[in-house]
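Report on the following structure.
Derivation of every value follows stated rules applied to the coordinates shown; laboratory data play no part. Everything numeric in this text was worked out from a predicted model, so none of it was measured. Note that each Cβ is placed from the backbone with ideal geometry, even for glycine, and that neighbours are counted across all protein chains shown.
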Amino acid sequence: MPNYRRPRAPGATVFFTVCLADRSWTLLTDEIAILREAVRYTRARRPFGIDAWVVLPNHMHAIWTLPADDGNYSERWGAIKARFSKHFRLAGRAPEVPAFGAGGGVNPALRKGQSGIWQPRFWEHHIRDRQDLEWHLAACHEDPVKHGLAGSATDWAYSSVHRDLRNRHAA
């Protein structure tokens, strides 16, 4: 079993991709209120800045800036995923997760007591400079267009692009 070692740089700005276990599910947009509550709850206990966030039906991208004294983003994602899973199941809307994978072995999503809703890990990229940040901000905002879910970034409801436009107009 691989031993993933993730850098923990306090104050870092990091781009993430987090996916559902089954890419045919649409839980993230169907249950956006539960996801938003999980993020609010986690941020209240383990703060982080949200530079960008886009939620698609089966995956999401986010760019966070961590506090200057804390680089542990894995714990934050674990808390968000666990709270979403818990409240989703309590609401009686849990998807059917097969106990066995395609090869007949135990479904990898159910190893280590996981809910089976999420892919076990996530992808992260530490932002290196302003150009890298701008590229990843654009990637977040344009992902619904890339996937054919919207005609433009502003047509997609589940994106921080709307917050960014409001802030730009208020300035």
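Things worth noting here:
- Exposure proxy order (Cβ contacts within 10 Å, fewest to most) of Y73, Y41: Y41, Y73
- Efficiency of FRET between H162 and Q131 - r from beta-carbon atoms, R0 22 angstrom, step 0.05: 0.35
- Listed from fewest to most Cβ neighbours within 10 Å, the set V39, V55 follows the order V39, V55.
- For segment 48-53, Karplus couplings with θ = phi - 60° (6.51, -1.76, 1.60), whole Hz, Gly/Pro x: 7, x, 10, 7, 7, 7
- Percent RCO, i.e. relative contact order, over segment 30-86, from Cα pairs under 8 Å lying at least 6 residues apart: 37 percent
- Counting every other Cβ atom within 10 Å of each residue's Cβ, R76, R46, R121 order from fewest to most as R121, R46, R76.
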